[in-house]
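The block underneath contains the structure these notes are about, expressed in structure tokens.
The values are calculated or read from the model by the stated rules, or taken from the named source; none is laboratory data. Computed from a predicted structure; not experimentally measured. Cβ placement follows ideal geometry from the backbone for every residue including glycine, while neighbour counts extend to all protein chains displayed.
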Amino acid sequence: AGLAAAGFAVMPLAACEAPNKLLQGSTGGSNPLAIPPLQVGRIEQGERVFRLSLTSGQKEFVAGVASPTIGIDAPYLGPTLEMRRGERVRFHIDNNLAEGATVHWHGFELPASADGGPHQLICPGERWSPSFEVRQRASLYWYHSHLHRRAGSQVYAGLAAPIYVRDDQEERLGLPSEYGIDDIPLIVQDRMIDGSGQLIYPSGMQARMMGVRGNRIYVNGTEDAVFDAATGQLRLRLLNGSNARFYDFSLEGGAPMQLIASDGGLLDRPHPVRSLRLAPGERAQIILDLAEGRPLRLVASSPDNMMGMMGGQGRGMMGGGMMGRGNDGDPSGGVFRILDIRPADTARSVRLPAELAPLGVPDPSLAVRTRRFVIDMGMMGGGMSINDAAMDMDVINERVPVGQWEIWEIANASMMAHPFHIHNTQFRVIERNGRAPPPLETGYKDTVVVNPREQVRVLVRFEENTDPDLPYMYHCHILEHEDAGMMGQFVVMNS
Ligand code: C2O
Ligand code: CU
Ligand code: CU
């Protein structure tokens, strides 16, 4: 069903391996970066209302070869939805696909009935009209399919797009914020394109275990993208919208980038970083200085995602090394182009504020209890689970009281790194294996990587429980793992 029904050729990955080689080969032409259209909705009776339609379409991932896709008001991906903290939003989403779908608001605290998880199925021809109050801090969020067992194939086909939340606090700082001019969303996704130029969704053993990883990189759907900047300062909002691939982003030549925000908004101050790792579902915002007038190239490499488990097979993808070390130093490790930035001649330097947002240090002593989660994959990926249980739509795995601080301790018993995502909250990372988190994890997060043999402790609280009987999800954001059962359900109880 699903993609196969939509006309996708499904073939085992073995027929088209060595992704990194192909990635390195892709240094050809350059295409203007596609910018998702901005949708601000319409104010109707005190609510900001968005009308969206899920449609099937076609996209040429390779020029001249059309592949079937899914999009939101577009053949592939969809508009950036802009909203403000504190206002009410409502969506009217028409499912014009030939299959069921859901639309999840990733990163938002909202009633479970509006969450868009596996229980909020929109059947073909039906309309779903959720509404909620925007409680999130200004940041980049996203919306995407969360269909039970088929989130991977639907997101892969294009059912995903960005959300901008704005707020007064951030606007006072005067950061670059002109959409499409000096404030750009970058949805980074890899896709597997076969020898004839068709998009395929691999289903072989490796794809099931590692998650689906492609041989070409697209940014907002554009390959080999170039952006002509008009300003001296550029704000890039990175979203790892890939199904499974991790990226270490950096500037070619090693120049520092100013990291200003994580999943849930601004950090305490700009942090100069030379490289930045994002797992699927994670976001980050960086500011680049273009005042020197030199072109910049944003590149990425893919860290090894597994500890030696598959032997020497798939060199550069999982050969040698442990997750966490990456393969930056490995000359054969694929480094691929994400975005070329051409500055304007007239670019003038702008100073960043020294302080961004008062975050405070998370205080673990606030926690009333600790809840432990152990991620595992079983033998050869046959037991994707959390706390030995695979996702069951009819089982509530955790009952969490509303408004109470808890420590969620997430351990990884598998040989592979997993991005653990929790719905209906923005949490703080306290420590990983006893060590303080890196800059990207000092702010608000909704997705956190747990490396093999690692234990990550986060401080979390749920304040929204309008629907105390309906579940939210926690899961691995490698979508093939999620689809295979690495997901659990929790309700937020009245206390
Ligand atoms: Cu971005 Cu539960 O997903
Ligand atoms: Cu989510
Ligand atoms: Cu996983």
(request) Might you let me know whether the range 191-201 holds any residue that is over 16 Å from the mean Cα position of the chain (by Cα) and basic (Lys, Arg)? (result) no
(request) List every residue pair whose Cβ atoms sit under 9 Å apart, with the two residues 6 or more apart in sequence or on different chains, where the first one lies in the range 478-491 and is at positive phi and the second, anywhere, is near ligand 3 (Cβ under 10 Å from one of its atoms). (result) GLY485/MET384; GLY485/ILE386
(request) Might you let me know whether the range 405-413 holds any residue that is touching a residue at least 60 places away in the same chain (Cβ under 8 Å), of a type in the set (A, V, I, L, M, F, W, C), in a loop (DSSP other than H, G, I, E, B) and within 16 Å of ligand 3 (Cβ to nearest atom)? (result) no
(message) Which numbered condition in (1) over 23 Å from the mean Cα position of the chain (by Cα); (2) on the phi > 0 side of the Ramachandran plot is the only one that ILE396 fails?
(response) (2)
(message) Condition first: at pLDDT 95 or above, within 16 Å of ligand 3 (Cβ to nearest atom) and acidic (Asp, Glu). Can you find one or more residues in the range 291-310 that meet it?
(response) no
(message) With the structure loaded, tell me whether VAL155 is within 16 Å of ligand 1 (Cβ to nearest atom) and either of a type outside the set (A, V, I, L, M, F, W, C) or without any contact (Cβ under 8 Å) to a residue 60 or more places away in the chain (or both) or whether it fails that test.
(response) no
(message) Condition first: part of a loop (DSSP other than H, G, I, E, B) and within 16 Å of ligand 2 (Cβ to nearest atom). Now tell me which residues in the range 414-446 satisfy that.
(response) HIS423, ASN424, THR425, GLN426, ASP446
(message) I'd like the full set of residues that are more than 17 Å from TYR164 (Cα to Cα) and under 23 Å from the mean Cα position of the chain (by Cα), limited to the range 36-57.
(response) SER53, LEU54, THR55, SER56, GLY57
(request) Give the residue that is surrounded by the fewest Cβ atoms within 10 Å (Cβ to Cβ), with candidates limited to residues of the range 412-443 that are farther than 24 Å from VAL400 by Cβ and among the aliphatic types (A, V, I, L, M). (result) ALA436
(request) Identify the single condition in (1) out of contact with any Asp or Glu (no Cβ under 9 Å at 6 or more places or on another chain); (2) in a strand (DSSP E or B) that GLY253 does not satisfy, given that it satisfies every other one. (result) (2)
(message) I'd like to check something: does the range 447-462 contain any residue that is in a strand (DSSP E or B) and within 11 Å of ligand 1 (Cβ to nearest atom)?
(response) yes
(request) Please tell me if LEU110 is crowded, with 16+ Cβ neighbours inside 10 Å, farther than 30 Å from VAL350 by Cα and in contact with a helix residue (DSSP H, G or I) (Cβ under 6 Å, 6 or more places away or on another chain). (result) no
(message) Tell me the residue from ASP304, ASP248 that is free of Cβ contacts under 8 Å to residues at least 40 places away in the same chain and under 18 Å from ASN215 (Cα atoms), please.
(response) ASP304
(request) Report those strands (runs of 3 or more DSSP E) wholly inside the range 44-147 carrying at least 2 residues which are more than 16 Å from ligand 2 (Cβ to nearest atom) and of a type outside the set (A, V, I, L, M). (result) 47-62, 65-72, 80-84, 88-95, 131-133
(message) Here is a check on your reading of the model: is GLY382 within 16 Å of ligand 3 (Cβ to nearest atom), touching a strand residue (DSSP E or B) at 6+ places or on another chain (Cβ under 8 Å), farther than 22 Å from LEU459 by Cβ and not assigned by TED's automatic domain parsing to the domain that holds LEU288?
(response) no
(request) Confirm whether MET486 is among the hydrophobic types (A, V, I, L, M, F, W, C), touching a Ser or Thr at 6+ places or on another chain (Cβ under 7 Å) and within 14 Å of ligand 1 (Cβ to nearest atom). (result) yes
(message) Please go through the range 106-115 and give me each residue that is more than 9 Å from ligand 1 (Cβ to nearest atom) and touching a residue at least 24 places away in the same chain (Cβ under 8 Å), ordered by number.
(response) PHE108, GLU109, LEU110, PRO111, ALA112, SER113
(request) Can you work out which of the residues in the range 215-241 that are assigned to a loop (DSSP other than H, G, I, E, B) and in contact with a Phe, Trp or Tyr (Cβ under 9 Å, 6 or more places away or on another chain) is surrounded by the most Cβ atoms within 10 Å (Cβ to Cβ)? (result) GLY241
